[in-house]
1. Would you calculate the separation in nanometres between label points at residue 65 and residue 212, each defined as 7 Å from the Cα along the Cα-to-beta-carbon direction?
2. For residue 112 and residue 83, FRET efficiency with R0 = 35 Å and r from the beta-carbon atoms, rounded to 0.05?
3. Grab the Cα-Cα distance for residue 174 and residue 148, subtract it from 0.36 nm times how many residues apart they are, and report the gain in nm with one decimal.
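All of the numbers you see were taken from the coordinates with simple rules; none came from a lab. Note that this is a predicted model, so its numbers are computed, not measured. Note that each Cβ is placed from the backbone with ideal geometry, even for glycine, and that neighbours are counted across all protein chains shown.
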Amino acid sequence: MGLLDRMGTIVKSKMSRIMDRMEDPREALDYSYEKQLELLQNVKRGIAEVATSKKRLELQRARLAQSAEQLEGKAREALNAGREDLARQALERKVSLQNQIETLDSQIAELDREEQKLIAVETRLSTKIETLRARKEAIKAQYSAAEAQVKVTESVTGISEELADVGLAIQRAEEKTEGMKARAAALDDLLEKGALEDYTGGDALDRELSKIKASGAVEAELARLRGETK
């Protein structure tokens with residue numbers, strides 16, 4: 001190691017000791033606790049957003065179901081009037097709406113699963129934060145008491161500043177380790193979330209097969225209505 005490297009190491013060591021003396025562990029604990037609360041608020045916002053999206057899809061599904069029911073009524077009227085062509089058009093639109101309803105059902109079910117996952121994460125995180133809060137207050141009280149005792153002892157016995165720095169550094173390292181473990185555990189919970197599947201895609205073959213399926217469904221609906229009107 002060269003002279004410059006040795007000097008750099010010495011400077012870093014001294015700066016670290018200065019920063020340790022300047023940092024109040026109680027403030028660090030409060031900061032860690034506030035960051036956990038922010039994380040909890042983010043999870044709650046995620047739950048609200050998922051619930052809102054699910055409700056929007058449920059309303060859309062209800063409208064489509066109502067329209068499909070109305071179209072079947074129109075198909076009946078058209079058959080009674082001898083207009084099979086109009087009945088066929090109405091049933092084609094009904095089948096198309098039913099396909100959309102099936103897609104919405106899948107999306108609603110997926111959002112419901114995501115909502116339940118987020119609710120579980122919120123519950124676990126809330127418990128961890130409450131535990132952290134109690135531990136934080138206990139450590140802060142212990143630190144304040146130890147700090148007062150150290151000051152009194154130093155004034156009486158003249159214990160060196162370097163020995164005091166060693167004790168505080170060890171205590172600070174232990175406190176930071178516990179805070180980081182709580183943060184890592186909370187983040188691990190959030191990583192368990194899944195991702196919504198995309199139901200909006202599909203290639204040309206899928207579209208052609210859907211048309212064939214829809215055409216068959218229309219013919220089946222038409223045959224059923226013919227039988228009912230005889």
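1. Distance between label points: 3.1 nm.
2. Working: r = 42 Å, r/R0 = 1.20.
That gives a FRET efficiency of 0.25.
3. On the way: separation 26, 0.36 × 26 = 9.36 nm, distance 1.96 nm.
Full-extension gain reported as 7.4 nm.
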